[in-house]
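Encoded as structure tokens, the structure appears first; notes follow it.
The values are calculated or read from the model by the stated rules, or taken from the named source; none is laboratory data. All values reported here derive from a predicted model rather than from experimental measurement. Cβ sites come from the backbone with ideal geometry, for glycine too, and all protein chains shown count toward neighbours.
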């Protein structure tokens, strides 16, 4: 919003300045009568200089508003980029932690499976455990869960 207001003020000051220069067609730098946006300007060269100072100050105000708005927008963009970098770093760290946990889980499963397989031989040495006469309700159960 500030950028738009600054741009409008700057353009208006430029239009007034250019219109004042182009309509001053007097000979010998004498100040004649000219109008800008229906406002008739008459008077001395000092008055014209004062009008030029006012138009320049308005243009400077518009330019400063324009630059302030652009600087604020730039700061917001850089803050968003910093936040995105931080988020990506956190995501990468979380993915690394997850990969470590998955690796630990897999190694723990492998160890548990190996220990389970080592104690699998039943009393008759055939590789099957004794069921103590009670079968599983839903059929054979797998060794790992």
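Scanning the stretch 1-34 for residues that are more than 26 Å from residue 67 (Cα to Cα) and either modelled with pLDDT of 75 or more or out of contact with any strand residue (DSSP E or B) (no Cβ under 7 Å at 6 or more places or on another chain) (or both) yields 21, 22, 25, 26, 27, 28, 29, 30, 31, 32.
Taking the conditions exactly as written (farther than 30 Å from residue 1 by Cβ and at pLDDT 85 or above), does residue 101 satisfy them or not? Criteria met by residue 101.
For every residue, the table says whether it meets (1) surrounded by fewer than 12 Cβ atoms within 10 Å (Cβ to Cβ); (2) part of a helix (DSSP H, G or I); (3) modelled with pLDDT of 85 or more.
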| residue | (1), (2), (3) |
| --- | --- |
| 49 | yes, yes, no |
| 83 | yes, yes, yes |
| 97 | yes, yes, yes |
| 114 | yes, yes, no |
| 130 | yes, no, no |
